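To start, the structure under review is shown below, and the notes come after it.
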Amino acid sequence: MSEELSEERQLQALDLGDEAVRRHLGPGSLRLFAGIMNAWKAPDEEAWKLLALPPGTSTKDLDPLALSQDALLRISCLVGIYQSLHIYWAGGLADRWVRLANASGMFGGRSPLEYMAGGGLDAMRDVRNLLDAWCAGY
């Protein structure tokens, strides 16, 4: 019986340490990231924080053929979050949810976007796991 791999584990199975793999995945990943940031109406400051870029860096300045393993993992996690939101909520709430203040213990009054921008990949994984649980009915 084969076990279905999570998207992140599939990416790891692709050996993101291999530059050729990263160069192949980079352009499409960066387009997905830009599309998600546009859909979420994420400010540039949060976009560069989500990818762990230096302050003031524009994602437009990134070389899609030179994305790091970390950047690809972050984008993969954000794609999963985007997909889960659109499974759980139909309509505009799916894209607005990340910008809404949230009083749950995880977010402490911040929006999920602020939480993820401040907490890096671990925070993105937290949000991804939360949304996956919601989609599974937990």
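None of the figures in this text is laboratory data; all of them are computed from the coordinates on show. Source: prediction; values computed, not measured.
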Here the gain from full extension of L14 to N129, 0.36 nm per residue of separation minus their alpha-carbon distance, amounts to 39.2 nm
What number, in percent, do you get for the relative contact order of segment 14-138 if the mean sequence gap of Cα pairs under 8 Å and at least 6 apart is divided by its residue count? 26 percent
With springs only between Cα atoms under 10 Å apart, run a GNM on the chain and tell me which of G80, G120, G105 wobbles the most. G105
Name the long-range amide H neighbours of N102: under 5 Å, sequence gap of 5 or more, or other chain; modelled H, no Pro or chain starts. G109, R110, S111
Ordered by residue, what ³J(HN,Hα) values in Hz, to whole numbers, does segment 121-127 give under the Karplus form 6.51 cos²θ - 1.76 cosθ + 1.60, where θ = phi - 60° and Gly and Pro are x? 4, 4, 5, 5, 5, 4, 5
Over its Cα atoms, what ratio of radius of gyration to 2.2 N^0.38 Å does segment 18-94 give? 1.12
